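**Q** Let me give you the structure first, and then I'll get to my questions.
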Amino acid sequence: MEEVSKIYECAHCNGTGTCTSAKEGSSCAHCIKKAELKSNEPLFGIACGTCWGIGKTDSATSRLRHRTPPILAIAIIFASFLTIIIFGSTNNVHFPETLSLLGALMGSVITFYFTKAGGK
Ligand SMILES: [Zn+2]
Ligand SMILES: [Zn+2]
């Protein structure tokens, strides 16, 4: 059991919290994208997208960041399926509305995570 999580200096920004990994100390496309900025000009001083500008990263939080969203997506999809099954089998009057609502929800969740995974 690893009780104490190791703290590392972020490899991407060398522990500064600011991304300077692109040309002439400007911020790289990855971090600009993470900061939800769009620019054709080089941007400077963008917070590091790997450690979220903290400069330090530890194994536990990075693990959490990578694993939490898919678990959440699976939970939403699972809960949606369960609701559909329950409503369908009990002939609930709201079943058609629920089905379309949950269908749309699942669709957006699946699209979101698949787009994200494909863009890596
Ligand atoms: Zn960093
Ligand atoms: Zn960067």
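The values are calculated or read from the model by the stated rules, or taken from the named source; none is laboratory data. In this text the structure is predicted, and so the values were computed from the model without any measurement. Cβ placement follows ideal geometry from the backbone for every residue including glycine, while neighbour counts extend to all protein chains displayed. For accessibility, only protein heavy atoms count, side chains too; no ligands or nucleic acids. Shrake-Rupley method; radii C 1.70, N 1.55, O 1.52, S 1.80 Å.
**Q** Please turn the phi angles of segment 89-103 into ³J(HN,Hα) values with the Karplus equation 6.51 cos²θ - 1.76 cosθ + 1.60 (θ = phi - 60°), one per residue in order, whole Hz, x for glycine and proline.
**A** 6, 9, 6, 4, 5, 8, 4, x, 5, 4, 4, 5, 5, 5, x
**Q** From largest accessible area down, sort Y113, Y8; use a 1.4 Å probe on the protein chains.
**A** Values: Y113 55, Y8 110 Å².
The most accessible residue leads, giving Y8, Y113.
**Q** Ignoring ligands, DNA and RNA, what percent of the accessible area of segment 17-60 is carbon or sulfur (1.4 Å)? Before the final figure, lay out the partial values.
**A** Numbers: 1570 of 2840 Å².
Ligands and nucleic acids excluded, carbon and sulfur reach 55 percent.
**Q** If you take all C-alpha pairs in segment 7-57, what percent of them are over 13 Å apart?
**A** Summing the P(r) tail past 13 Å for segment 7-57 gives 47 percent.
**Q** Would you mind listing how long segment 68-120 runs along its three principal axes, going by Cα atoms, in whole Å with the largest first?
**A** Result for segment 68-120: principal-axis Cα extents of 42, 17, 10 Å.
**Q** Quickly rank 48-55, 23-30, 94-101 as a protection proxy: mean count of other C-beta atoms within 10 Å, highest first.
**A** Numbers: 48-55: 19.6, 23-30: 15.4, 94-101: 12.8.
Taking the mean over residues of other Cβ atoms within 10 Å, the ranking is 48-55, 23-30, 94-101.
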